[in-house]
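Structure first, then comments.
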Number of protein chains: 2
Amino acid sequence: MATPDPHDVAAALLRTADQRYTRSRQALIEVLATADAPLTVDEIVDREQSLALSTAYRNLVVFEECGVVHRIVTSDEHARYELDEALTDRHHHHLVCSRCGVVLDFTVPDPLERELDRALEQVATSFGFDAEHHRLDLVGRCASCR
Amino acid sequence: MATPDPHDVAAALLRTADQRYTRSRQALIEVLATADAPLTVDEIVDREQSLALSTAYRNLVVFEECGVVHRIVTSDEHARYELDEALTDRHHHHLVCSRCGVVLDFTVPDPLERELDRALEQVATSFGFDAEHHRLDLVGRCASCR
DNA sequence: ATTTATGCAAATCGTTTGCAAACCT
DNA sequence: AGGTTTGCAAACGATTTGCATAAAT
């Protein structure tokens, strides 16, 4: 099973929600697909200057509703966005720098991840929660800020 | 070892940073200590009407700098605050409702927590990160919103 | 042709800040 | 007294939104 093309997956997810896969949206996905870490909206429009700020914001909302991207908020004043796992095939977690706000990806060993899933499932059940996903962040000083 | 008095710990932490433990600050700690979940600033000033909004915000910043409270941001538009573990003696994680934004506390079994710590330590090392703490959130629909 | 998306500029809203008065030690 | 903290109102800044135009089907 090869890694899917993010554009194909995005287009399909959008179509399901009766949404078009316009040029702006393609450009947005392209930027996120070629990024190596979650980006802020400013960073996104910097990399693709044809995108108006409001268009970026609006489409990111649509993307989130369709499960195409995830919005990540840390303590930083800027939210960050990344493609959903359906577009990247890579379950991961985040290192968050408490000083500069940068976010990096990491993974944990599969067995631990499964153990975590099991434990969280129990928690959800006992709280009457309908679990959607989990987040595991490691907060600290990044190499440049320590 | 008994659970410490949050006021004593807060006062001590503040003193270390040459900060006073004023009436406003005591009231703020009292509200957080009697809450059963992280609160937004609005919720805080609702419960203690003597607190001006700006005073609450300003003191929460001071508290955070002194390690007295933690600021929690989810996807919600309001940040939430809770006492640091030094004041509560209770390491826990958060259930976050993706609809209403409410945050609830939960714990995982000790062995899993320790395994997690070990794994995160390795991650931090490999990234040259100076780890401060970790966060584990379970995101979904709470019992009232599902 | 009709519906949906875009861009600009203005509005929103949580949070921050300037400044004079109140407070603490 | 002398430096801090507080409260009010004004400022800020990231995000959202109204509306007229452009794009997509």
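The values are calculated or read from the model by the stated rules, or taken from the named source; none is laboratory data. Everything numeric here is computed off the predicted structure, so don't read it as measured data. For neighbour counting, all protein chains shown are included, and Cβ atoms are generated from backbone atoms with ideal geometry for every residue, glycine included.
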Picking from B:ARG20, B:ARG90, which residue would you name as being out of contact with any Ser or Thr (no Cβ under 7 Å at 6 or more places or on another chain), more than 10 Å from DNA strand C (Cβ to nearest atom) and basic (Lys, Arg)?
B:ARG90
Got a sec? Which strands (runs of 3 or more DSSP E) wholly within the range A:23-104 have at least 2 residues that are in contact with a His (Cβ under 8 Å, 6 or more places away or on another chain), near DNA strand D (Cβ under 10 Å from one of its atoms) and among the aromatic types (Phe, Trp, Tyr)?
none
Here are B:SER50, B:SER75: which of them is exposed (fewer than 13 other Cβ atoms within 10 Å of the Cβ) and either modelled with pLDDT of 95 or more or of a type in the set (Ser, Thr, Tyr) (or both)?
B:SER50
Of B:ARG25, B:ARG80, which residue is within 11 Å of DNA strand C (Cβ to nearest atom) and within 14 Å of chain A (Cβ to nearest Cβ)?
B:ARG80
I'm trying to understand the selection: among the residues of the range A:1-35, which are in contact (Cβ under 8 Å) with a residue 60 or more places away in the chain and either crowded, with 17+ Cβ neighbours inside 10 Å or closer than 30 Å to A:CYS97 by Cβ (or both)?
A:THR3, A:PRO6, A:VAL9, A:ALA10, A:LEU13
B:VAL102 passes all but one of (1) closer than 16 Å to A:PHE127 by Cα; (2) within 9 Å of chain A (Cβ to nearest Cβ); which number fails?
(2)
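Mind counting the residues in the range A:117-146 that are without any contact (Cβ under 8 Å) to a residue 40 or more places away in the chain and more than 7 Å from chain B (Cβ to nearest Cβ)?
Our first condition is that a residue be without any contact (Cβ under 8 Å) to a residue 40 or more places away in the chain; within the range A:117-146, this holds for A:117-134, A:143, A:146.
If we keep only those that are more than 7 Å from chain B (Cβ to nearest Cβ) as well, we get A:117-118, A:121-122, A:125-126.
Here the count works out to 6.
Which ones in the range A:36-47 are within 13 Å of DNA strand C (Cβ to nearest atom) and closer than 18 Å to A:GLY101 by Cα?
The answer is A:VAL41, A:ILE44.
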